[in-house]
Structures are given as C-alpha cells and as structure tokens.
Amino acid sequence: ARMDDFDLEYTIIGFTVTSAVDGYDIEISTSGAEFTDDQRKLIRKCRTGGKIYIENIRAKAPDGRTLDLGTLVFKLR
C-alpha cells in the first residue's frame, strides 16, 4: 500500500483467507503480501453467493510499527 500524498509506504506482512467450502470454514494464512497457491485454490472453490474473508491483515509502517488493518469481506455474485 502506498499513500502518495504523504509519501508513506506500508508493507503487508501477512493475512488470512477464510471461506466456507462444503459447509466447513477453511482458513489459510500467509506471512507475506501475496496469495499462496492454497489460498488461490480456496478462492476458486467458492460459489456464487459465497463469501471470502481476508482477515488479520497486518502491515509494517514506515516507523517499524505493525498495524492491524482489519478484515475485508467479498460476496461473490
């Protein structure tokens, strides 16, 4: 993430992808800024009307602090 007006750069250091597949919640975490192959496979298994949660998003601020950025929820249509 980059905020051009403030010339600050935040680095994503990890997140969790969660979704329900066949009635079971599946969580897959990563310690980086990219989706893992397993996370991509989980997202592909989601059906119309399903939800994908990107949770526990953590970023490193320019001053070295780790920030919790909350959760994003996507409903598939």
Checked against the positive end of the charge dipole of the chain (+1 on Cβ of Lys and Arg, -1 on Cβ of Asp and Glu, about the Cα centre), the farthest of N56, S29, C46 is C46
With every protein chain kept in place and ligands, DNA and RNA left out, what is the accessible area per residue of the chain? Probe 1.4 Å, answer in Å².
74 Å²
What part of the accessible area of the chain, given as a whole %, is carbon or sulfur when the probe is 1.4 angstrom?
48 percent
Rounded to the nearest 20 Debye, what is the dipole magnitude of the chain about its Cα centre when Lys and Arg each give +1 and Asp and Glu each give -1 at the C-beta?
500 debye
Just to be sure I follow the rule: in the chain, considering lysines 8 or more places apart or on different chains, how many pairs have Cα atoms under 26 Å apart?
4
Length-normalised contact order for the chain - Cα pairs under 8 Å, 6+ apart - percent
31 percent
At 4 °C and 1.567 mPa s, grab the translational diffusion coefficient of the stretch 14-60 from Stokes-Einstein with a Kirkwood Rh over Cα pairs, rounded to a whole number in µm² per second.
119 µm²/s
When the helix-only estimate is applied to the chain (DSSP H runs of n ≥ 4, each -39,500 (n - 2.57), divided by the residue count), what is the mean residue ellipticity at 222 nm, nearest 500 deg cm²/dmol?
-3500 deg cm²/dmol
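The values are calculated or read from the model by the stated rules, or taken from the named source; none is laboratory data. Only a predicted model underlies this, so the values are computations on that prediction, with no experimental measurement involved. Here the Cβ is made from the backbone with ideal geometry for all residues, glycine too, and neighbour counts use every protein chain on show. All accessible areas refer to the heavy atoms of the entire protein, side chains included, with ligands and DNA or RNA removed. Shrake-Rupley method; radii C 1.70, N 1.55, O 1.52, S 1.80 Å.
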